[in-house]
Amino acid sequence: MTVTLNLKPEVEAGLLAQAQANRMTLEEYLLSMVEGAALSATQKGLSPEERATAFETWSAGHRPTPNLSDHAVTRESMYEGRDH
């Protein structure tokens, strides 16, 4: 299905910034958002096993990302450049 959206310039800019922050095109980002919303709506009546299967199917559709380094997940690195 193809959908055309008429977005306000500031909404488009915000979505584009979020897409770029996630290293995605705007189309990829919007598709992932719509798929996530649709999945969560349909999962409300699923068993835990069915939800797990649905999540694994959904996550398999995303491209792999590199693992973060040990330094990247330290408290110090998260607050680098901030005044204490």
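Restricting attention to the range 42-84, the residues that are in contact (Cβ under 8 Å) with a residue 24 or more places away in the chain and either touching a strand residue (DSSP E or B) at 6+ places or on another chain (Cβ under 7 Å) or part of a helix (DSSP H, G or I) (or both) add up to 0. Of all the listed residues (Leu16, Leu7), the sole one being modelled with pLDDT of 90 or more, in contact with a helix residue (DSSP H, G or I) (Cβ under 9 Å, 6 or more places away or on another chain), not in a helix (DSSP H, G or I) and not basic (Lys, Arg) is Leu7.
Screening Tyr29 with (1) assigned to a helix (DSSP H, G or I); (2) without any contact (Cβ under 8 Å) to a residue 12 or more places away in the chain; (3) hydroxyl-bearing (Ser, Thr, Tyr) gives one miss only, at (2). Residues that are among the charged types (D, E, K, R) and under 30 Å from Pro9 (Cα atoms) within the range 20-68 comprise Arg23, Glu27, Glu28, Glu35, Arg63, listed in sequence order.
The values are calculated or read from the model by the stated rules, or taken from the named source; none is laboratory data. Bear in mind the structure is a predicted one, so any value in this text is a computation, not a measurement. Cβ coordinates were reconstructed from backbone atoms using ideal geometry, including for glycine residues, and neighbour counts include every protein chain displayed.
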